[in-house]
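Working notes, beginning with the structure itself.
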Amino acid sequence: MHTRVIGAILKKDVHGLLPMILLAFVVFFIQPVIAGMDLDSASDFWITLQGNFYWLGYGIALLLLISVLQLDPADSLNHDWLTRPVTRTDWLMAKLLFLLVTIYAPVVLARLVLNLGNDYGLLRTLGYALTIENPAALLPVPLIFSVALMTPTLRRFLLVSVLIFMVFLGPAWDVSRPLFDLLGIDLGTDYDGLMWLQALPLVVWGCAAAGLIYWLRYARRQSGRAWLVLGCCVALYFLTVFTPPSLYGWDQAIAIHRAFLNRDLPDENVLDEAVSLKHDSACFAAARLDSLASDPVLSQAGLYEDIVERAGPGALVFATPVSNREILVDWFAADAAGQEVPVAWAVDRIRVQGRFSADSLEQDVALIPANRSLNRYDPVSAADTHYWLIPGTAVEALANDPTTRLTLDFDLGLLDPDAYRLPTDGQRHEIPELGSCRAETDLNANQIEIDCVKNGTQPALVAAQLIGIDSSRVYSRFRPTYKADWLETLSRKHYRMTIDSPTLTDSSAIMLTAFNARRIVHRQLVTQGLFGDLPAVCPLQESETHDAIEQSTWSDKSPHEISSVAVEQGVRLEVLDWRQHNPADAPTLVLLHGLGATAHSFDELAPRLAEKYNVVAITRRGIGGSSAPDHGYDIARLSQDVLQVLATLQIEQPVLVGHSIAGEELSYLGARFPERFAGLVYLDAAYDRTAGFSHHYRELSVSLPEAPPIRPAETRSYAAFLDYSRRLGRARTIPEGEILASYDLVSGSIRHNPLYLDAVMMGLQAPDYRHITIPALGIYAVPVSPEALMEPWYDQDDPEVKAAVTELYTMERQQKLAQMARFDSEIPDSKALALDNANHWIFVSHEAEVLAAIDRFMSGLMP
């Protein structure tokens, strides 16, 4: 009997809504097809249609829901076309069955048909079809269901819906704004990855209200009470979306997540201590509001009008660049040979607060955060810059109080990476934690398209990158999510990412990383003064004056000529030439710089060498004044660049002199083209870098304090920069021209794109010393005691620092002596020279010794 009644109601509803059902079926079937189409080259109309077609289907589904409920209002259960009463259970089951048949079934069928052609396999295809793609879209459904129960016609439904919509717009109205401010309700409070906590009450309120309204309206015939329940439901929805901080705010959200994430495991204290933050600037860039446009750092603050009004007249804006030291890492096998690359744990800046305190103040001055941070679309990057406004009423008091302190409070999410290799063969592969994944290289677009589909529990964040090139990394979303695993049991997530410039390195496989939330920790950074230190060290700088001083007092004074030499189509290399005053038959030295430097690093050494030899230096591609193509960073291609420059300049049989990473090119050219060169000179460069240092060596290195950042006064001239070098315990420093070529004097950051530096590192090869048949000189910087590695900014009395330095000294000395022995034994005509306690910039710290060694080597080459 119940089955016949349910079937009869279902048949009646299908007949009554057949045109809409057919339209819905077409839309539901087309939607996954359109969503999967590649429309990058299509018109804006088609791209917009693709982005909004999902919501068209969503709207039709809601319209079906509303219409089927309104076909049988409450009175029809006693007076309908069946001529006898219908039980509420039969009616409800018929309506739910209608929604299942007309909405859910077509969507599942469409997904099933479409995904059968995607190589998922039958079981996985069925699983993908049955799961929910966008659970958040279901949040308003209980409220819409309730309104549909209360309104017998579509016109009334629209009227009630508009009224509810106006309620949710209330906080944005100027008229009602004071009332909501009084209640502490803030429009647009965004808890980012923590917002799922607000979704749970919405589901509870909505489902409870829908059930109660159904019971009151259809079982008890109490419409007045049903309207009251609907009003209460709307109020609860509103308070859940726009929650007063006194009920639920950042503090409560973070505390709840910390409670279920921070488990008491043996290594948890170690994880907490491994999260280390530091200021990247000795002094913070600061300016008055009326001069922001001229400041290259502060102009990115994006201050909205309401923020400026809150700060008041006389307010100051300043920037706090902060980075986390990547202490925690996992290791990933980069190739079949076993070379490993570190994969750093990610640190998500969930919330940052700033405040000033001083002895003269009765209470702390809370800073007003700007509307965005510098890396707002890359929240788990190692560095970020936040912008703050100091209220105008507090500026004078803070500036005149020597006890002023800035405190930045960070609530941070610690994400544990699990890295996996995915071939770029266009085939689907099962990846743990990420489901069925496919990566395919599009050579025409010079991109790799990644597509992953995963049912059930999802990672907090997913990333894809070229192996070993962290700067190529792209993320699946802007922010990690900290959603509880059980909430994702029936969900499905489709990850699509695009990696650019796969030709940088071997891209036959890429690295996929699933980041999982492990901890939420709190950190504080406290500094003296307004802008990072006392006013004597960090005064308020007027940007235009500061920039003018920098531009007028820095210059490249080395007596070289600069030219640009083509090495392939569209690629030219910067060449520095000091051959102006030497005879053409004088021996020629060709200088190659280290990683992250340019040919200008030899601006002081080269003129000394040019007193006896013809000297030329080349800047590697991707660096400084040379072209930066998206290919050609393997050692074979870089070595061909050197040969092409020599051919263009008509240089025959020079001596190659290379510093640091340039030893790779020296070894490659010396082994494969010995007839083109007279000899090789390695300046702390002759190493097999494919072996690398141990994991423990890296752990010890990052545990030591970093060098203090440069102060603004120390960037005003090269003479002032020498003061900074002496403060670091360096008697000499890199040339002025190299600083101009490699560093931004305003921000202090390195100019070179890390993308190309990483590409060079991934193109390394083990040196083939046995096939180098020409004379070779290897000059090594070798420490002779732990004190040589004890930097002036280390705490000399800290036992942990002493122990780390001693262990590093032992490992580094053993490694260098072993590399020297290999160099000396495998190259037939070689000499290895150790310079005690020299630093890596060996030709800067020990210039006289390096010049003397080169002269002796050159004398041995001459007849």
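Computed extension length for LYS612-ASP798: 62.1 nm, one decimal, from 0.36 nm per residue of separation with the Cα-Cα distance subtracted.
In this structure, ASP855 and GLN814 have a Cβ-Cβ separation that, at R0 = 25 Å, corresponds to a calculated FRET efficiency of about 0.25.
Comparing Cα centroids, the range 805-863 and the range 553-569 end up 29 angstrom apart. Each peptide in 852-862, 653-663, 565-575 gets a packing score, the mean of other Cβ atoms within 10 Å over its residues, and the list from highest to lowest is 653-663, 565-575, 852-862. When a/c reaches 1.5 or more, the comparison of a/b and b/c decides; with that in mind, is the range 319-366 rounded, prolate or oblate per its Cα gyration tensor? Prolate, because a/c is 1.5 or more and a/b exceeds b/c.
Peptides 836-846, 357-367 ranked from most to least packed give 836-846, 357-367, packing being the mean of other C-beta atoms within 10 angstrom over each peptide's residues. When we measure straight from the Cα of LYS12, which aspartates and glutamates land under 15 angstrom away, once same-chain ones fewer than 8 places off are left out? Those aspartates and glutamates meeting the cut-off are ASP72, ASP80, ASP90. Rounded to the nearest 20 debye, the dipole magnitude of the chain is 4140 debye, with +1 charges on Lys and Arg beta carbons, -1 on Asp and Glu beta carbons, and the Cα centre as origin.
Over all other residues within a Cβ to Cβ distance under 13 Å of ALA226, the charged ones net out to +4, with Lys and Arg as +1 and Asp and Glu as -1.
Sequence-distant contacts, meaning Cα pairs under 8 Å at least 6 residues apart, place the relative contact order of the chain at 9 percent. Here the calculated FRET efficiency for GLU826 and HIS581, from their Cβ-Cβ distance with R0 = 56 Å, stands at 0.90, rounded to the nearest 0.05. Seen from LEU10, the other residues with C-beta closer than 13 Å to its C-beta sum to a net charge of +1, counting Lys and Arg as +1 and Asp and Glu as -1. Principal axis analysis of the Cα atoms in the range 398-548 yields extents of 66, 44, 20 Å, listed in decreasing size.
The lysines within cross-link reach of LYS557, meaning a Cα-to-Cα straight distance under 23 Å and a gap of 8 or more places when in the same chain, are LYS612. Applying a 4.7 Å Cβ-Cβ cutoff to the chain leaves CYS207, CYS232, CYS233 as cysteine residues with no disulfide-compatible partner. Per-residue ellipticity at 222 nm computed for the chain from its helices equals -11500 deg cm²/dmol, with DSSP H segments shorter than 4 residues left out and the rest contributing -39,500 (n - 2.57).
The ellipsoid that matches the Cα gyration tensor of the range 684-774 has semi-axes, each √(5λ) in whole angstrom, of 32, 18, 15, with the longest given first. Solvent exposure of the chain amounts to 46 Å² per residue of accessible area, where only protein heavy atoms count and the probe is 1.4 Å. Once the chain from LEU722 to SER701 is taken as fully extended at 0.36 nm per residue, the excess over their C-alpha distance is 5.0 nm.
If you take the beta carbon distance between GLU305 and ARG225 as r and set R0 to 35 Å, what does 1/(1 + (r/R0)^6) give as a FRET efficiency, to the nearest 0.05? After rounding to 0.05, the efficiency reads 0.15. Determine the distance separating the Cα centre of the range 416-431 from the Cα centre of the range 616-659; give it in Å without decimals. Cα centroid to Cα centroid, the span is 35 Å. Annotation: lysines with alpha-carbon distance below 18 angstrom to LYS493 (same-chain offsets under eight excluded): LYS454, LYS483. Taking 0.36 nm per residue of separation and subtracting the current Cα-Cα distance, fully stretching the chain between GLU652 and VAL784 would add 43.6 nm. What does the net charge come to around VAL147 if you take all other residues with beta carbon closer than 14 Å to its beta carbon, with K and R at +1 and D and E at -1? Net charge in that neighbourhood comes out at +3.
Computed from the Kirkwood radius of its Cα pairs, the Stokes-Einstein diffusion coefficient for the chain at 20 °C and 1.002 mPa s stands at 67 µm²/s.
The values are calculated or read from the model by the stated rules, or taken from the named source; none is laboratory data. Keep in mind that what you see is a predicted model, and the values were worked out from it rather than measured. Methodologically, a virtual Cβ is constructed for each residue, glycine included, from the backbone with ideal geometry; neighbour enumeration extends over all protein chains shown. These area figures cover heavy atoms from the full protein model, side chains too; ligands, DNA and RNA do not enter into them. Shrake-Rupley method; radii C 1.70, N 1.55, O 1.52, S 1.80 Å.
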